[in-house]
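K.L.:
Handing you a structure now.
The values are calculated or read from the model by the stated rules, or taken from the named source; none is laboratory data. Keep in mind the model is a prediction, meaning the values are calculated, not measured. Don't worry about glycine lacking a Cβ; one is built from the backbone with ideal geometry, like all the others, and counts go over all protein chains shown. Accessible surface is based on the protein model in full, side chains and every heavy atom, while ligands, DNA and RNA are left aside. Shrake-Rupley method; radii C 1.70, N 1.55, O 1.52, S 1.80 Å.
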Amino acid sequence: MDNIDNANMDNAAHDAAIPVKKVFIATQGCQMNVYDSEKMGNVLGDSHGMIVTTDINEADVLIMNTCSIREKAQEKVFSELGRWRKLKEKNPNLVIGVGGCVASQEGDNIQQRAPYVDMVFGPQTLHRLPELYDQSAKQQHITPKNRIGTVDVSFPSIEKFDFLPEPTVEGYRAFVSIMEGCSKYCSFCVVPYTRGEELSRPLDDVLAEIDSLAEQGVREVTLLGQNVNGYRGEKDDGSICRFAELLHYVAHIDGIERIRYTTSHPLEFTDDIIDAYAKLPQLVSHLHLPVQSGSNKVLAAMKRNHTIDVYINQINKLKAVRPDIHLSSDFIIGFPGETDADFQETLQLAKDLDFDHSYSFVYSKRPGTPAAELYDDVSLDTKKQRLAVFQEVIKQSTLKKTQQMVGQTVRVLVEQIANRHPDNLLGTADNTRSVMFANPHYAANNEADNNSDCAEDALVGHFVMVKVTDFVSPHMVKGELVEILD
Ligand code: SAH
Ligand code: F3S
């Protein structure tokens with residue numbers, strides 16, 4: 001008995017003697033990266049008891065989860081690393097890691113250019129971070145670029161998910177990665193080279209993850225992947241589950257009342273998915289479907305493999321089953337060879353389809369992609385002018401859509417007490433607008449809580465119907481509670 005007690009005391013003394021290490025993770029780029037960063041924190045927490053900090057100055061480990069989709073994002077990596085180098089000069093024990101798509105593309109070159117970087121890993125090897133960290137820590141006396149086993153940017157199939165700890169979540173919304181990579185090879189895009197070919201997680205793995213999230217109180221999931229609608233997950237019996245079928249399975253998970261997904265490709269926005277919109281109320285009335293350009297000539301040069309008519313046709317079919325659908329898209333302005341007439345077609349498409357919101361960027365030449373070889377006679381100035389004209393059209397339609405919400409009754413997932421207005425609750429509508437409304441429990445909460453502001457409320461985590469009364473900003477409205485759903 002004594003022995004056991006002593007052993008426990010020894011352990012306690014030992015645990016107290018080892019300070020908990022802290023990891024700071026900077027995330028660039030898309031939602032996939034946000035998801036991956038969360039998983040990096042999880043694996044290091046699971047293996048080394050590390051905790052994630054948002055204060056870079058107190059961190060023992062710095063990780064940059066990078067994006068290489070456009071040149072600007074890529075350049076930011078090295079300028080930011082320059083700042084991290086100064087932190088390492090002050091604290092030589094600081095371990096610096098670079099993950100994500102730039103790491104995947106540059107591999108060993110990262111340490112050639114920034115020799116103070118200790119570990120380099122790609123989107124598919126983030127689960128190996130604990131080993132990379134151990135290797136780096138063991139070889140601190142050797143220059144990082146000469147260390148062994150501290151760079152791993154391989155594509156080991158889809159094993160990463162087998163090594164990730166059980167998902168944990170705070171809040172009522174969660175991301176769930178259902179597939180990795182992309183096999184579409186659009187001529188401008190680096191993703192197939194940095195994240196590898198499309199690989200889907202087995203159906204049961206995806207459903208088990210969502211089950212576990214639902215048990216923790218999650219009400220809304222966003223299914224993630226570069227082309228989620230290309231999902232081909234293996235089922236238990238060896239057959240293949242396609243995206244539309246997956247949506248049905250997810251909709252039947254208790255507690256999950258809202259399903260979003262991003263991103264998808266028009267080519268695989270098939271009729272069975274449109275049918276899911278007719279049958280599954282859990283599927284939000286919002287679709288993000290990148291089109292990139294309104295010109296068939298440009299679409300062909302981009303190797304999107306569909307015409308504008310195909311896109312419009314699918315949208316019209318969707319509108320027939322979901323008249324209240326909100327649409328958003330991605331556009332590339334100034335692709336090599338884009339004439340003013342091509343640009344006008346893109347502008348017209350945006351006006352005709354009346355997008356709810358959209359992301360648009362000037363084309364960025366990515367080394368190693370087929371479009372990088374194309375002759376480009378459009379000046380950067382012209383491209384920037386076109387982008388400004390385009391973004392103004394999108395801005396106006398976003399504004400109009402939000403103004404049109406006034407008078408409508410919308411479904412809202414209540415997420416928190418409004419920070420600056422504690423007598424109000426804040427949530428999100430299907431179309432991603434924030435909705436604020438007076439909290440019916442405010443007075444009671446305050447009484448119970450001795451007149452201090454209450455951090456929780458019975459409605460947080462529930463769906464309600466709110467009648468919108470006021471426009472606040474292009475992304476926010478105010479309203480009145482009409483009905484509590486569940
Ligand atoms: N899977 C998605 C795209 C993911 S990449 C699809 O089906 O289209 C996210 C967005 O970045 C793209 O939609 C595109 O608009 C933009 N993008 C990708 N490569 C780019 C480049 N070289 N220059 C400018 N924008 C680019
Ligand atoms: Fe990129 Fe095209 Fe895939 S934009 S992510 S190659 S669908």
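K.L.:
Search the range 298-349 for residues being of a type in the set (Gly, Ala, Ser) and assigned to a strand (DSSP E or B), and hand back the single one that is surrounded by the fewest Cβ atoms within 10 Å (Cβ to Cβ).
P.N.:
Only one residue tops the list, namely Ser328.
K.L.:
Cβ-Cβ under 6 Å, sequence separation 6+ or interchain: first residue in the range 275-292 and aromatic (Phe, Trp, Tyr), partner more than 16 Å from ligand 2 (Cβ to nearest atom) and open to solvent by 10 Å² or more (accessible area, probe 1.4 Å). Which pairs?
P.N.:
Listed by first residue and then by second, the contacts come to Tyr277/Val321; Tyr277/Arg322.
K.L.:
Among the residues of the range 175-185, write down those that are open to solvent by 10 Å² or more (accessible area, probe 1.4 Å) and either within 8 Å of ligand 2 (Cβ to nearest atom) or closer than 12 Å to Asn229 by Cα (or both).
P.N.:
Cys182, Ser183, Lys184, Tyr185
K.L.:
Let me ask you something else. Consider Ala278 carefully, then state whether it is more than 16 Å from ligand 1 (Cβ to nearest atom), open to solvent by 30 Å² or more (accessible area, probe 1.4 Å), assigned to a helix (DSSP H, G or I) and of a type in the set (Gly, Ala, Ser).
P.N.:
For Ala278, the condition - more than 16 Å from ligand 1 (Cβ to nearest atom), open to solvent by 30 Å² or more (accessible area, probe 1.4 Å), assigned to a helix (DSSP H, G or I) and of a type in the set (Gly, Ala, Ser) - is met.
K.L.:
Against the conditions (1) buried (at least 24 other Cβ atoms within 10 Å of the Cβ); (2) at pLDDT 95 or above; (3) in a helix (DSSP H, G or I), where does Cys101 fall short? Just the number, please.
P.N.:
Only one criterion in (1) buried (at least 24 other Cβ atoms within 10 Å of the Cβ); (2) at pLDDT 95 or above; (3) in a helix (DSSP H, G or I) is unmet by Cys101, namely (2).
K.L.:
Which count do you get for residues in the range 114-145 that are touching a residue at least 40 places away in the same chain (Cβ under 8 Å), not in a loop (DSSP other than H, G, I, E, B) and not aliphatic (A, V, I, L, M)?
P.N.:
So the answer is 4.
K.L.:
Hey, among the residues in the range 146-159 that are open to solvent by less than 60 Å² (accessible area, probe 1.4 Å) and in contact (Cβ under 8 Å) with a residue 40 or more places away in the chain, which one's nearest to Glu106 (Cα to Cα)?
P.N.:
Of everything passing the filter in the range 146-159, Val153 is nearest to Glu106 (Cα to Cα).
K.L.:
Within the group Phe163, Phe188, which residue is open to solvent by 60 Å² or more (accessible area, probe 1.4 Å) and over 16 Å from the mean Cα position of the chain (by Cα)?
P.N.:
Of Phe163, Phe188, the one residue that is open to solvent by 60 Å² or more (accessible area, probe 1.4 Å) and over 16 Å from the mean Cα position of the chain (by Cα) is Phe163.
K.L.:
So Asn229 ticks every box in (1) more than 11 Å from ligand 1 (Cβ to nearest atom); (2) under 19 Å from the mean Cα position of the chain (by Cα); (3) in a helix (DSSP H, G or I) but one. Which box is left unticked?
P.N.:
So Asn229 meets the others, but not (1).
K.L.:
Where residues in the range 196-218 are among the charged types (D, E, K, R) and in contact with a helix residue (DSSP H, G or I) (Cβ under 7 Å, 6 or more places away or on another chain), which of them is farthest from ligand 2 (Cβ to nearest atom)?
P.N.:
Residue satisfying both the conditions and the ranking: Asp205.
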